[in-house]
Amino acid sequence: MHKILLKIFRTGTLTEPLPEPGPPVKPCPLVRGSLAVRHVDAGSCNACELELHAFTQAFYAPESIGIRFVASPRHADVLLVTGPVTLAMKDALRAAHEAMPDPRYVIALGDCACNGGIFRGSYAVSGGVPEVIPVDGQIPGCPPEPKRILAYLEQLVSAENKD
Amino acid sequence: MLNPIEWSSGPDGEIPFGTPFPFSVPFALASPESPGLYLEGVRRIKERGGRLVSLWGSWTSGADPAVLAAFSDAEGLLLYRFRLSADDRSFPSIAFLFPLANRLERAVRDLYGWDPAGLSDQRPWLDHGLWDGPPMVPQDASFQRSPEGADSPQEEYPFVRVEGEGVHEIPVGPIHAGIIEPGHFRFQVVGEKLLRMEERFGFAHKGVRTLFRNRSVSDAARLAGRVSGDSAVAFQTAFSDAVEVATGSPPPRRALWIRSILLERERIANHLGDLGALGNDAGFGFGSVQFGRLKEEFLRTNARIFGHRYLMDTVVPGGVAGDLGRQELALLREECARTKSDVLELKTIYDEHGGLQDRFSGTGWLDPMLAGRWGLGGVAGRASGQMYDLRHSHPVPPYDQVHVPVSISRLGDVSARVQVRFQEVRHSLSFLDSVLEALPEGPFFIQPEETFSPFEGVGWVEGWRGEVLCWVRLGSGGTVLDAHCHDPSWLLWPALEQTVPGNLVADFPLINKSFNLSYSGHDL
Ligand code: SF4
């Protein structure tokens with residue numbers, strides 16, 4: 001036990017100051033101070049997921065500003081979608097979107113989700129989230145770094161950004 | 001100048017093993033003329049204790065349709081090419097000899113419409129009934145799915161069901177409760193106890209193989225790096241090896257050494273992430289924070305020195321994308337030393353943590369006997385006592401000079417897979433230290449030769465998860481006619497199913513994490 005405590009003590013606080021907010025984003029109505037995010041992988045190469053995992057770690061600590069990942073779309077303010085939306089994931093993505101309460105804010109994360117990315121044009125993908133459900137925001141990158149994800153989501157929770 | 005190998009020649013099984021190029025593993029090729037000879041050859045491999053590595057189809061305009069099967073033999077990689085006849089578009093199934101061929105052959109049926117003769121499993125695998133006809137058939141070929149192969153994919157996928165009092169079924173996925181890739185698991189449970197689990201995949205199928213067609217090799221290498229993002233280096237290296245073998249252009253020595261640095265960094269980063277996630281799944285958040293920190297530092301160094309956090313696009317056919325300066329080498333070495341002491345400290349904490357060990361030990365047992373019979377490699381195979389590691393059995397430079405010991409455990413449970421990861425991180429860090437110190441001078445890239453007639457090549461690399469294989473067929477001017485990328489997950493997913501019975505439902509996420517297999521690399 002003392003080894004654990006010592007290690008925690010020596011590691012100190014890892015969380016870094018919030019990044020400069022990115023370019024202005026479309027606000028998410030009704031959201032104040034906390035943001036429930038449901039992630040859906042619609043057929044990504046899995047590097048976008050690696051960055052999402054990195055994003056939840058101590059350096060970025062999204063929970064400290066009220067951003068948390070939830071298990072059900074019914075609890076979600078935001079649907080964060082990765083991948084080019086394979087045909088086999090189309091219905092599942094629509095169902096998840098439908099299960100969300102209004103206003104159903106959708107973010108396409110990564111080049112694939114934005115427009116199909118490197119997988120665009122294949123017989124098995126729809127070519128991006130906008131082809132399947134309405135999208136409110138995009139975070140491009142292959143994959144987008146956690147900093148960029150935070151810079152976007154931060155704006156959705158921050159108070160100044162309210163209509 | 002080395003001569004590329006003409007693949008089409010050669011009688012059945014008679015081509016000797018050779019090491020055509022010092023940078024690639026030894027391989028041999030055989031094109032059995034008849035189904036009987038094919039099965040006979042495969043049976044011989046089985047009897048000699050060979051392992052199935054991969055199986056795939058290939059059909060490009062101007063080339064005969066064929067099924068290719070890759071086996072690991074004591075001396076190297078053995079490739080069989082079975083040509084399909086024009087009037088009978090079927091190929092003999094080898095699943096009765098190598099059960100792991102089942103899904104691979106079903107995938108060939110889904111993608112090409114050819115029937116694996118003798119395979120009783122008629123269910124589709126990658127196909128969810130959403131494409132018009134077999135998608136890999138070349139546009140100019142007039143061919144439709146054979147009636148035997150025609151499934152009715154719109155109907156519900158027929159899972160094997162357990163009947164009996166108190167048995168119920170839990171369907172999970174394709175969307176899981178967390179940041180995970182898409183796939184479906186069907187559990188049969190009684191109370192809290194798992195009786196059976198069956199997988200249903202194909203949700204991440206992106207049709208990657210058709211996207212390879214007609215790309216330049218450098219562009220295709222980018223795509224290979226995105227087959228499974230967590231194994232970008234392994235796939236890009238295997239793909240580049242394949243192109244270099246096909247064109248007969250060995251990469252410079254320095255490039256091979258830098259590739260090994262990239263490959264080991266990818267291994268370490270993934271293992272660190274997994275060790276943290278395994279702690280987290282067993283309720284030990286401390287592990288997640290600590291290993292998360294180590295991994296993030298690794299990724300940041302990657303971005304700083306190699307230009308990408310996951311090292312995508314760092315390996316290219318002909319060498320590597322960038323060189324390392326003296327300063328960078330010093331920085332990388334210093335990071336290795338730091339990480340080593342941190343990992344050691346955390347290992348002691350993990351080992352001494354009763355609660356953690358209680359969750360790990362005995363959970364998700366993969367029978368070493370089964371692992372041996374199926375010839376499983378990778379972290380999961382080694383954690384069930386299998387001595388398979390290409391870096392050890394078929395070392396290419398610099399692994400032939402700087403040796404990496406094989407990390408194994410015989411316990412076969414989650415704790416064994418944790419221990420193998422700890423060992424591998426330690427070995428990789430030591431390896432890096434030696435390689436960084438002795439990096440040879442010279443160029444880091446040499447433009448591969450252009451090919452003027454179709455040539456093929458194969459690359460086989462020990463990725464962090466297991467053996468990654470890439471095969472490529474190049475046309476004139478160095479464009480890709482066809483390519484195949486094989487993720488080790490193909491062979492390990494069926495093993496995961498076998499570890500489930502008898503465990504608690506709540507332990508499944510932990511077991512799954514201890515394998516950490518790729519959905520994208522599998523579904524392609
Ligand atoms: S955007 Fe890039 S990293 Fe993300 S899923 Fe697509 S290919 Fe992978």
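When B:P501, B:P494 are checked against the criterion of being in a loop (DSSP other than H, G, I, E, B) and more than 14 Å from chain A (Cβ to nearest Cβ), B:P501 stands alone in meeting it.
Consider segment A:2-17 and keep the residues that are assigned to a loop (DSSP other than H, G, I, E, B) and more than 9 Å from every other protein chain (Cβ to nearest Cβ). The one that is farthest from A:L150 (Cα to Cα) is A:G12. When the test is whether a residue is in contact with an Asp or Glu (Cβ under 6 Å, 6 or more places away or on another chain), in contact (Cβ under 8 Å) with a residue 60 or more places away in the chain and within 11 Å of the ligand (Cβ to nearest atom), A:C112 does not pass it.
Taken over segment A:3-49, the residue count meeting the criterion of being closer than 24 Å to B:Y350 by Cβ and touching a Lys or Arg at 6+ places or on another chain (Cβ under 8 Å) is 2. Within segment A:19-68, can you find the residues that are on the phi > 0 side of the Ramachandran plot, in contact with a strand residue (DSSP E or B) (Cβ under 8 Å, 6 or more places away or on another chain) and within 13 Å of the ligand (Cβ to nearest atom)? Result: A:G43, single match.
Across segment A:119-163, what is the total count of residues that are more than 21 Å from A:L30 (Cα to Cα) and in a helix (DSSP H, G or I)? So the count comes out to 7. Residues of segment B:330-346 that are within 28 Å of the chain's Cα centre (by Cα) and of a type in the set (K, R): B:K340 alone.
Do we find a residue being modelled with pLDDT of 95 or more, within 16 Å of the ligand (Cβ to nearest atom) and more than 10 Å from chain A (Cβ to nearest Cβ) anywhere in segment B:278-299? Within segment B:278-299 (the criterion being modelled with pLDDT of 95 or more, within 16 Å of the ligand (Cβ to nearest atom) and more than 10 Å from chain A (Cβ to nearest Cβ)), the answer is no, since none of the residues qualifies. Count of segment A:43-88 residues, restricted to those that are facing chain B (nearest Cβ under 7 Å), surrounded by 24 or more Cβ atoms within 10 Å (Cβ to Cβ) and more than 28 Å from A:L14 (Cβ to Cβ), is 4.
Working only within segment B:53-77, note down all residues that are of a type in the set (A, V, I, L, M) and under 17 Å from the mean Cα position of the chain (by Cα).
Once the filter is applied, which keeps residues that are of a type in the set (A, V, I, L, M) and under 17 Å from the mean Cα position of the chain (by Cα), segment B:53-77 yields B:V53, B:L55, B:L68, B:A69, B:A70, B:L77.
Across segment A:140-151, the number of residues qualifying as surrounded by fewer than 22 Cβ atoms within 10 Å (Cβ to Cβ) and more than 13 Å from the ligand (Cβ to nearest atom) comes to 2. A search for C-beta distances below 6 Å between a residue of segment B:164-193 that is among the small types (G, A, S) and any residue that is not in a loop (DSSP other than H, G, I, E, B), counting only pairs 6+ apart in sequence or on different chains, returns B:G166/B:V190; B:G173/B:H184; B:G173/B:F185. Looking only at segment B:442-453, decide whether some residue is touching a helix residue (DSSP H, G or I) at 6+ places or on another chain (Cβ under 6 Å) and open to solvent by less than 10 Å² (accessible area, probe 1.4 Å). Checked against the condition, which is being touching a helix residue (DSSP H, G or I) at 6+ places or on another chain (Cβ under 6 Å) and open to solvent by less than 10 Å² (accessible area, probe 1.4 Å), segment B:442-453 yields at least one hit. Among residues of segment B:304-344 being within 14 Å of another protein chain (Cβ to nearest Cβ) and out of contact with any helix residue (DSSP H, G or I) (no Cβ under 9 Å at 6 or more places or on another chain), the one that is farthest from the ligand (Cβ to nearest atom) is B:S341.
Residues that are of a type in the set (S, T, Y) and within 11 Å of chain A (Cβ to nearest Cβ) were ranked within segment B:172-230; the one that is most open to solvent (accessible area, probe 1.4 Å) is B:T210.
Within segment A:69-89, the only residue that satisfies the criterion of being closer than 20 Å to A:L50 by Cα, within 16 Å of the ligand (Cβ to nearest atom) and small (G, A, S) is A:G83. When we screen B:A246, B:A232 for residues that are away from the ligand (no atom under 16 Å from the Cβ) and in contact with a Gly (Cβ under 6 Å, 6 or more places away or on another chain), the only hit is B:A246. For segment A:117-126, does any single residue satisfy the condition of being away from every other protein chain (no Cβ under 12 Å) and either within 11 Å of the chain's Cα centre (by Cα) or in contact (Cβ under 8 Å) with a residue 24 or more places away in the chain (or both)? Checked segment A:117-126: no residue is away from every other protein chain (no Cβ under 12 Å) and either within 11 Å of the chain's Cα centre (by Cα) or in contact (Cβ under 8 Å) with a residue 24 or more places away in the chain (or both). Just the residues that are open to solvent by less than 60 Å² (accessible area, probe 1.4 Å) and in a helix (DSSP H, G or I), please, taken from segment B:352-373. Across segment B:352-373, the qualifying residues are B:G354, B:G355, B:L356, B:Q357, B:F360, B:P368, B:L370, B:A371, B:G372.
Which members of segment B:231-264 meet the condition of being under 30 Å from B:Y350 (Cα atoms) and away from every other protein chain (no Cβ under 14 Å)?
B:S260, B:I261, B:L262, B:L263, B:E264 - these are the residues of segment B:231-264 that are under 30 Å from B:Y350 (Cα atoms) and away from every other protein chain (no Cβ under 14 Å).
This table checks each residue for (1) within 20 Å of B:L474 (Cα to Cα); (2) open to solvent by less than 10 Å² (accessible area, probe 1.4 Å); (3) within 24 Å of the chain's Cα centre (by Cα).
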residue: B:P32; (1), (2), (3): no, yes, no
residue: B:L37; (1), (2), (3): no, no, no
residue: B:G50; (1), (2), (3): no, no, yes
residue: B:Y80; (1), (2), (3): yes, yes, yes
residue: B:A86; (1), (2), (3): no, no, no
residue: B:S93; (1), (2), (3): no, yes, yes
residue: B:P99; (1), (2), (3): no, no, yes
residue: B:R106; (1), (2), (3): no, yes, yes
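Count of segment B:108-128 residues, restricted to those that are open to solvent by less than 20 Å² (accessible area, probe 1.4 Å) and assigned to a strand (DSSP E or B), is 1.
Can you pull out the residues in segment B:270-292 that are free of Cβ contacts under 8 Å to residues at least 60 places away in the same chain and in contact with a Leu (Cβ under 6 Å, 6 or more places away or on another chain)? Answer for segment B:270-292, where residues must be free of Cβ contacts under 8 Å to residues at least 60 places away in the same chain and in contact with a Leu (Cβ under 6 Å, 6 or more places away or on another chain): B:Q290, B:F291. Determine whether A:E131 is surrounded by fewer than 20 Cβ atoms within 10 Å (Cβ to Cβ), among the acidic types (D, E) and within 16 Å of the ligand (Cβ to nearest atom). Yes, satisfied. Set side by side, the residues B:T301, B:T314, B:T348 differ, and just one is crowded, with 21+ Cβ neighbours inside 10 Å and among the hydroxyl-bearing types (S, T, Y), which is B:T314.
The values are calculated or read from the model by the stated rules, or taken from the named source; none is laboratory data. For clarity, every value in this text was computed on a predicted model and none was experimentally measured. When we count neighbours, we look across all protein chains shown, and the Cβ atoms used for this are built from the backbone with ideal geometry, even at glycine. The accessibility values were calculated without ligands, DNA or RNA, using every heavy atom of the protein model including side chains. Shrake-Rupley method; radii C 1.70, N 1.55, O 1.52, S 1.80 Å.
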